[in-house]
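Structure first, then comments.
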Amino acid sequence: MKNRSSFFQRNKILVSTVVTLLFVVSAGCASWKGEKGVVNKWRDETVPPFEKGKTIQSDVVEALGPPSQVIGLNDGIVFYYMLEKTKGSGLFLLVYNTKDVTIRYDRAIFFFDENGVLTDYGYSHESAPYEEAP
């Protein structure tokens, strides 16, 4: 035991450097962004307004593109459009980890009767800024 303790005492700088390097190598920072769903064209001011009782399914698809989901109902159909944007960052250390994630949803939903005519629609209160697809 005497040899070990004398080794550490003689090489304090080496030991502390190795411990510091292990800590630095095992630590990390990260940041990320992600996007799922469809482009939220329903927030684009140039999209023509939709009118209940007049707008048909093909008008909505032509203006917004294909929906994220099509849901069949007993007396009609629903087009569901969704955009999900994720942004996060994190710090990962040996003894402590933390991350911060923000998820923002933007949705539009359109209800059509059995003839494909718009009966109702709505947008989520939360919105992501409209950004034209590249």
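What to note about this one:
- Pick from the stretch 37-50, criterion surrounded by 11 or more Cβ atoms within 10 Å (Cβ to Cβ) and over 11 Å from Tyr81 (Cα atoms), ranking: farthest from the chain's Cα centre (by Cα): Phe50
- Count of residues meeting criterion [at pLDDT 90 or above, in contact with a helix residue (DSSP H, G or I) (Cβ under 9 Å, 6 or more places away or on another chain) and outside any strand (DSSP E or B)] in the stretch 92-134: 1
- Leading residue by the ranking (farthest from Phe112 (Cα to Cα)) among those in the stretch 63-80 that are among the small types (Gly, Ala, Ser) and part of a strand (DSSP E or B): Gly72
- The residues of the stretch 18-60 that are more than 16 Å from Tyr123 (Cα to Cα) and at pLDDT 95 or above, listed by number, are Gly53, Lys54, Thr55, Ile56, Gln57, Ser58, Asp59.
The values are calculated or read from the model by the stated rules, or taken from the named source; none is laboratory data. Being a predicted model, the structure only gives us computed values, none of them experimental. When we count neighbours, we look across all protein chains shown, and the Cβ atoms used for this are built from the backbone with ideal geometry, even at glycine.
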